[in-house]
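Participant: The structure that follows is given in the form of structure tokens.
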Amino acid sequence: MLDLRESLRRSVYMYAKRTFRLPMLETFDAPDSTLSCARRDVTNVAPQALALMNNEFVIARAREFADRLRKLGGDNPEAWVDKGWEIALGRAPSAAERAKALAMLDRPGTTPALANFCLMLFNLNEFVYVD
Amino acid sequence: MSTESLWRLLHHSPHYSSRRDFLAHAGGGFGMVALSAMLQQEGLIAAAPEVNPLAPKRPHFPAKAKHVIYLFMHGGPSHIDTFDPKPLLGKLNGQQLPESLRNVRLQFTNAAEAPLLASQRKFARHGQSGIEVSDLFPNVARFVDDLAVIRSCHHEAFVHGMALNLMNTGSPRMGFPSVGSWIVYGLGSESQNLPAYMVMLEGGTKAGPPVYGSGFLPATYQGTVLRDKGEPFLNIRPPAGMSPDEQRDLLANVKWFDEQHLAGRQDDSNLSARISAYELAFRMQINAPELVDLSKEAGETRALYGIDEEGTRAFGTKCLLARRMVERGVRFIQLYSGGLLNGDDWDGHAECDKNHQRMAARVDKPIAGLLEDLKRRGLLESTLVIWGGDFGRTPITDGQLRDGGGYRGGRDHNPYGFTMWMSGGGIKGGKVIGATDEIGFKAVQDPVHINDIHATILGLLGLDHKKLTYLFQGRNFRLTDVGGENNLVSRLV
């Protein structure tokens with residue numbers, strides 16, 4: 001059984017095998033550890049989108065983010081949206097954005113709407129790129 | 001900076017896709033602004049940054065081949081038991097090497113001690129060309145008139161790791177871009193729905209992922225591993241429980257918010273590049289499962305590749321997938337026979353003959369099936385098929401002793417002379433290039449270094465190996481480094 005208390009920690013330093021790149025970091029252009037790297041490449045390619053859409057780790061974080069928003073906002077979807085925007089993007093949503101987000105939360109589906117909303121936030125350009 | 005070096009910088013480093021990029025690299029600071037603006041007007045550097053690094057690019061000259069299928073026999077197949085017959089070796093069995101070869105360095109064997117070991121295989125002439133092939137490859141032998149057999153290959157590394165790097169990246173050291181990465185960097189992708197460079201492994205390689213890595217090229221040019229169990233690619237399946245409709249909605253929302261965000265930020269090409277990456281990702285999700293679904297292949301086709309037989313199923317499936325990838329525009333495909341696990345690849349240190357009988361039985365029919373299928377579908381014309389491995393093997397017995405003493409009937413690694421063959425991609429078959437010495441130890445006639453092989457592969461794809469460069473650590477690197485002079489293209493086509 002995976003002990004979450006053991007594995008959910010920030011890594012200050014960790015064991016790394018030189019010829020093995022961590023898949024998630026590799027997807028996001030981590031340099032080859034067998035060479036020195038003077039300047040990192042930055043790419044925008046489909047496997048990165050797939051990772052943020054479908055990767056189990058990302059999905060799990062979205063679910064946990066949803067739990068956090070529920071704790072913070074109670075039963076109030078508007079509070080979920082505002083808190084989500086504030087935590088993920090560091091600003092309040094515009095009126096149009098809030099309306100769009102609320103419509104998303106109102107949609108019935110096989111997966112929880114709030115978790116999907118959180119996953120959506122992780123996939124936004126604004127989440128990935130800082131102005 | 002001289003005019004000449006500036007010219008070289010611009011023409012050999014397509015990486016300077018923007019004004020900002022160029023200025024940053026040129027290091028000229030503000031003094032360069034005027035020049036940069038001028039060059040932009042002249043069309044020498046792009047006004048807007050290139051959005052898609054995989055956009056199709058024109059080759060340097062008309063290409064013969066559009067696709068490559070590289071069949072890699074991991075461990076190192078013995079040339080003298082497969083495609084390079086040495087009758088004299090049979091006569092000299094058990095004798096010592098001639099004086100002149102006793103100081104050749106090998107990984108596990110003292111060349112001054114280990115005796116010569118005859119091949120137990122039978123060779124016969126095949127096809128119109130009469131090229132000799134051993135009985136390990138009875139099916140491939142039927143296509144010998146389509147093959148260019150290069151019997152004088154050589155490189156410098158007698159250890160797997162370095163040899164795998166050399167064969168795949170042109171350098172014995174780690175971290176250099178692989179052939180496939182250079183090709184995709186040079187030509188871009190033909191497919192809108194699948195990665196341009198795909199790799200099918202049998203448990204990994206002894207040099208690890210760098211052999212299909214992009215090294216110092218951007219990561220977008222690296223090989224994508226098609227996994228043989230579970231989903232074909234990582235992260236290709238939507239989260240558990242999420243319906244396709246739900247995901248489409250989610251992505252439509254992402255796009256809506258991204259477009260809001262884009263307003264007022266149009267000068268940042270990364271943002272629109274990321275939006276298109278999501279569109280490709282969604283198409284890949286649909287197309288990847290279709291690629292690996294072999295249910296619509298005719299029974300006769302499956303039989304051709306040996307997919308319904310236990311022994312050939314694994315490699316046959318890979319070969320059939322390779323053809324399907326070619327049909328769907330994948331540029332570079334590499335297939336491994338054997339992998340990390342000792343004794344389950346072509347590394348015949350003990351009882352080499354038995355090892356090769358076992359390994360060849362897994363690949364002979366699938367490879368022949370692939371050649372036949374490509375040929376009858378008219379795909380062989382534009383698809384270069386390459387066969388090779390880490391290196392060849394020694395004509396003397398492997399120097400390691402079995403418990404209780406005595407040699408083990410194996411062969412050690414031999415990078416000094418070995419065979420590769422190529423087919424398709426504009427090559428006129430039925431040809432032999434070069435020769436090893438009379439016992440098959442060293443390439444002596446028309447030696448073809450691995451850099452020459454790489455120059456030839458690039459050449460068949462319309463790329464000049466001297467012009468395909470990338471600026472890294474202060475100099476222009478290329479796949480062939482400072483080699484590749486013996487480019488075989490004019491002799492093969």
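Participant: Somewhere in segment B:135-142, is a residue more than 25 Å from the chain's Cα centre (by Cα) and not basic (K, R)?
Facilitator: Looking through segment B:135-142, at least one residue is more than 25 Å from the chain's Cα centre (by Cα) and not basic (K, R).
Participant: Separate question: Only residues that are more than 12 Å from chain A (Cβ to nearest Cβ) and surrounded by fewer than 23 Cβ atoms within 10 Å (Cβ to Cβ): list them for segment B:189-199, please.
Facilitator: The one that is more than 12 Å from chain A (Cβ to nearest Cβ) and surrounded by fewer than 23 Cβ atoms within 10 Å (Cβ to Cβ): B:E190.
Participant: Assess whether B:P53 counts as being open to solvent by less than 50 Å² (accessible area, probe 1.4 Å) and at pLDDT below 95.
Facilitator: When the stated conditions are applied, B:P53 passes them.
Participant: Can you pull out the residues in segment B:369-387 that are open to solvent by 50 Å² or more (accessible area, probe 1.4 Å) and among the acidic types (D, E)?
Facilitator: Correct list: B:E372, B:E381.
Participant: How many of the residues in segment B:349-367 are of a type outside the set (A, V, I, L, M, F, W, C) and over 17 Å from B:W387 (Cβ atoms)?
Facilitator: The total comes to 7.
Participant: May I ask you to list the residues in segment A:118-131 that are open to solvent by less than 30 Å² (accessible area, probe 1.4 Å) and not in a helix (DSSP H, G or I)?
Facilitator: Listed by number, the residues that qualify are A:N123, A:L124.
Participant: Another one. Across segment B:207-242, which residue is farthest from B:S337 (Cα to Cα) among those that are of a type in the set (A, V, I, L, M), within 7 Å of another protein chain (Cβ to nearest Cβ) and surrounded by fewer than 23 Cβ atoms within 10 Å (Cβ to Cβ)?
Facilitator: The residue in question is B:M242.
Participant: Let me ask you something else. Quick check on my filter: what residues within segment A:28-57 are in a helix (DSSP H, G or I), facing chain B (nearest Cβ under 9 Å) and either in contact (Cβ under 8 Å) with a residue 24 or more places away in the chain or in contact with a strand residue (DSSP E or B) (Cβ under 7 Å, 6 or more places away or on another chain) (or both)?
Facilitator: Passing the criteria: A:A49, A:A51, A:L52, A:M53.
Participant: A further question follows. If I filter segment B:312-355 down to residues being more than 17 Å from B:G203 (Cα to Cα) and over 22 Å from the mean Cα position of the chain (by Cα), which single residue comes out as surrounded by the fewest Cβ atoms within 10 Å (Cβ to Cβ)?
Facilitator: Among residues in segment B:312-355 that are more than 17 Å from B:G203 (Cα to Cα) and over 22 Å from the mean Cα position of the chain (by Cα), the one surrounded by the fewest Cβ atoms within 10 Å (Cβ to Cβ) is B:K354.
Participant: Can you find a residue that is crowded, with 23+ Cβ neighbours inside 10 Å and among the hydroxyl-bearing types (S, T, Y) anywhere in segment B:263-276?
Facilitator: No; the residues of segment B:263-276 include none that is crowded, with 23+ Cβ neighbours inside 10 Å and among the hydroxyl-bearing types (S, T, Y).
Participant: Taking interchain pairs and intrachain pairs at least six residues apart, which have beta carbon atoms under 8 angstrom, with the first residue in segment B:243-254 and facing another protein chain (nearest Cβ under 7 Å) and the second β-branched (V, I, T) and outside any helix (DSSP H, G or I)?
Facilitator: B:S243/A:T110; B:E246/A:T110; B:E246/A:T111
Participant: Of the residues in segment B:356-393, how many are β-branched (V, I, T) and assigned to a helix (DSSP H, G or I)?
Facilitator: Result for segment B:356-393: 2.
Participant: How do the strands (runs of 3 or more DSSP E) wholly within segment B:83-183 filter down when requiring 1 or more residues that are free of Cβ contacts under 8 Å to residues at least 12 places away in the same chain: which remain?
Facilitator: B:123-126
Participant: Given the conditions (1) hydrophobic (A, V, I, L, M, F, W, C); (2) at pLDDT below 90; (3) within 14 Å of B:A368 (Cβ to Cβ), which single one is not true for B:I307?
Facilitator: With (1) hydrophobic (A, V, I, L, M, F, W, C); (2) at pLDDT below 90; (3) within 14 Å of B:A368 (Cβ to Cβ) applied to B:I307, the lone miss is (2).
Participant: Which of the residues that make up segment B:459-484 are of a type outside the set (S, T, N, Q) and closer than 21 Å to B:T419 by Cβ?
Facilitator: B:G459, B:L460, B:G483, B:G484
Participant: Output yes when any residue across segment B:279-286 is free of Cβ contacts under 8 Å to residues at least 40 places away in the same chain and more than 30 Å from B:K255 (Cα to Cα), and no when none is.
Facilitator: Checked segment B:279-286: no residue is free of Cβ contacts under 8 Å to residues at least 40 places away in the same chain and more than 30 Å from B:K255 (Cα to Cα).
Participant: I would also like to ask the following. Counting just the residues of segment B:216-242 that are of a type in the set (S, T, Y) and more than 23 Å from B:L320 (Cβ to Cβ), which one comes out nearest to the chain's Cα centre (by Cα)?
Facilitator: That would be B:Y221.
Participant: Please count how many residues of segment A:68-80 are under 11 Å from A:C118 (Cβ atoms) and in contact (Cβ under 8 Å) with a residue 24 or more places away in the chain.
Facilitator: 3
Participant: From the set of residues in segment A:88-100 that are farther than 24 Å from B:S276 by Cβ and either in contact (Cβ under 8 Å) with a residue 12 or more places away in the chain or at the interface with chain B (Cβ under 7 Å from one of its Cβ atoms) (or both), which is surrounded by the most Cβ atoms within 10 Å (Cβ to Cβ)?
Facilitator: Filtering first and then ranking leaves A:P93.
Participant: Something else: Taking B:P415 as the residue in question, decide whether it is touching a helix residue (DSSP H, G or I) at 6+ places or on another chain (Cβ under 9 Å), surrounded by 23 or more Cβ atoms within 10 Å (Cβ to Cβ) and more than 26 Å from B:A314 (Cα to Cα).
Facilitator: Yes; evaluated as a whole, the condition is true for this residue.
Participant: Considering only segment B:214-243, state which residues are farther than 14 Å from A:V42 by Cα and aliphatic (A, V, I, L, M).
Facilitator: B:V225, B:L226, B:L234, B:I236, B:A240, B:M242
Participant: Limited to segment B:429-468, what total is found for residues that are assigned to a loop (DSSP other than H, G, I, E, B) and more than 16 Å from the chain's Cα centre (by Cα)?
Facilitator: 16
Participant: Out of A:A66, A:A115, I need the residue that is open to solvent by 10 Å² or more (accessible area, probe 1.4 Å) and either more than 10 Å from chain B (Cβ to nearest Cβ) or in a helix (DSSP H, G or I) (or both). Which one?
Facilitator: A:A115
Participant: Can you report the number of residues in segment B:469-493 which are outside any strand (DSSP E or B) and open to solvent by 10 Å² or more (accessible area, probe 1.4 Å)?
Facilitator: Residues in segment B:469-493 being outside any strand (DSSP E or B) and open to solvent by 10 Å² or more (accessible area, probe 1.4 Å): 12 in total.
Participant: Continuing with this model, one more query. Check segment B:123-145 and report whether any residue there is farther than 21 Å from B:I386 by Cβ and buried (at least 18 other Cβ atoms within 10 Å of the Cβ).
Facilitator: yes
The values are calculated or read from the model by the stated rules, or taken from the named source; none is laboratory data. Computed from a prediction, not measured in an experiment: that's the story for all the values here. Reconstructed Cβ throughout: ideal geometry from the backbone, glycine too, with neighbour counts over all protein chains shown. Accessible surface areas use protein heavy atoms only, side chains included; no ligands, DNA or RNA. Shrake-Rupley method; radii C 1.70, N 1.55, O 1.52, S 1.80 Å.
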